[in-house]
Amino acid sequence: MSFNSLGLSDALLKAVSKQGYTTPSPIQQKAIPLILERKDVLASAQTGTGKTAGFTLPMLQILSQGQQLRHRPIRALVLTPTRELAAQVYDNVKEYSAFLDIRSTVIFGGVNQRPQVATLRNGVDVLIATPGRLLDLHNQKLLSLANVEILVLDEADRMLDMGFLRDIKKIMSIMPAKRQNLLFSATFSKDIKALANDILHHPILVEATPENSTVDAIDQKVYRVAKGLKSDLLVKLISDGNWEQVLVFTRTKHGANKLTKKLISSNISAMAIHGNKSQGARTKALDGFKKGTTRVLVATDIAARGLDIPLLPHVVNYELPNISEDYVHRIGRTGRAGASGEAVSLVSADETSFLRDIEKLVGQRIPSEIIEGFEPDPNASTEPFKPGQGKQRNSRPKNANTSNSNRSGNANRNRNSRNKRPNRHNDRKE
Ligand code: AMP
């Protein structure tokens, strides 16, 4: 199938071809015609599937065909959980609208609102926003959503995880009831289904990949290692393997900083990206990583969510996530767009139960190796680390690893434990 058969205008086809895309991805093939038919869409799609173009291209076509008012009210709103994702969606919107008379901008917290307000004042057709800053500016009467025709909730599951449900509901109440709604989510928990029920009208369900399946192209590997030897092992793997672009996940912000220092002291260029970093520092880290001047990007889960880094060859779980589904999100950063990738996990004794949960979720045993000189500590306890031990955002219930009888049950339990800990302004903190 080609982009030509999807019903997109010449201006959009030209923009797509400028990006070098030749074939629409599965989510694009399914979602674009439905959105052009003005249907509400509930889409299951992870980052890396091409979902952003999947909703942006038809959205731009609808907007460019509709009536353009002189003062340019906001006609399409894209809500994202994090600043980084908002910035990336904005970049994509700009690229795809290069040959259209469509104005767009992005707003998010953590930076001065003044430039954002100035741009809004000139009128924009498409606004990409995180919920907190959007409501802030709305409360200050600096923007209006009274003319929104299309609403996109991107990574809706993560927005709920981050405690944005109340903000989302408030935002719904300040938009016209009659509009087209598109909801994208990597997972479909009970809460997401409830949100979809609330917001979408007779939605059409679109699935890009089976839920929680790991990408076949990804070569997954576990190295069993003593906890205290992980950083040395990582240095060895990066150096011996000549890894040039490595995304490393740590569980905590503190852990990310510490590991970054260690890598730098081993002559491996590295930068950390997490919520205690200023927006400027995060952007710099991401840019350096994309350009190749920074070899290793050390990230926490929420900070890394939605980062658009195509063709990433190596992803390392320096610590396994205590939420099994996060493993799938993390390793989805490699093997993108048909390229092969490698996902490596450094697993110490106290992560044994997390590994078991992950293997249940992905439905396969991940091959495990021990490297000489980096053996696991035979005397270390296999008790999982306790909540509060430098935890970042979620704590695992103490006995959560004892009764994983089925896949979805496990995932839901993890999610439920998370949902009890609302933290609505996490996009600023994390
Ligand atoms: P996304 O899932 O929206 O974050 O997109 C992941 C990456 O795939 C981005 O770098 C896009 O530029 C790229 N991409 C999106 N659609 C296509 C396509 N049809 N062909 C090739 N690459 C694409």
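Read the figures in this text as sums done on the coordinates, not as results from a lab. All of these numbers come straight from a predicted model, not from anything done at the bench. Glycine also receives a Cβ, built like all others from the backbone with ideal geometry; neighbour counts cover every protein chain displayed.
Values as computed for the structure displayed
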{"quantity": "Cα-Cα over 32 Å, subset of 94/277; 193/360; 230/290; 170/258; 94/291", "calculated": "170/258"}
{"quantity": "Three-way shape call for the stretch 218-369 based on the alpha-carbon gyration tensor, with the a/c threshold at 1.5", "calculated": "rounded"}
{"quantity": "Fewest-first sequence of 201, 274, 71 by Cβ atoms within 10 Å of each Cβ", "calculated": "71, 201, 274"}
{"quantity": "Computed log₁₀ I(q)/I(0) - Debye formula, equal Cα scatterers, no solvent, the stretch 18-146, q 0.13 Å⁻¹", "calculated": "-0.55"}
{"quantity": "Highest-first arrangement of 366-372, 124-130, 168-174, where packing means the average Cβ count within 10 Å", "calculated": "124-130, 168-174, 366-372"}
{"quantity": "Chain lengthening between residue 72 and residue 370 when straightened (0.36 nm per residue, less Cα-Cα)", "calculated": "101.2 nm"}
{"quantity": "Net charge, residue 71 excluded, C-beta distance under 13 Å - Lys, Arg +1, Asp, Glu -1", "calculated": "+4"}
{"quantity": "Nonlocal amide H pairs with residue 219, under 5 Å, H built at 1.01 Å", "calculated": "341, 342, 343"}
{"quantity": "Rounded if a/c under 1.5, otherwise prolate or oblate - the stretch 129-169, Cα gyration tensor axes", "calculated": "oblate"}
{"quantity": "Sequence of 206, 298 once ranked by neighbouring C-beta atoms within 10 Å, starting from the fewest", "calculated": "206, 298"}
{"quantity": "Added length on full extension, which subtracts the Cα-Cα distance from 0.36 nm per residue, residue 281 to residue 174", "calculated": "35.2 nm"}
{"quantity": "Karplus (6.51, -1.76, 1.60) ³J(HN,Hα), θ = phi - 60°, over the stretch 65-71, in Hz, Gly and Pro reported as x", "calculated": "7, x, 7, 8, 8, 4, 7"}
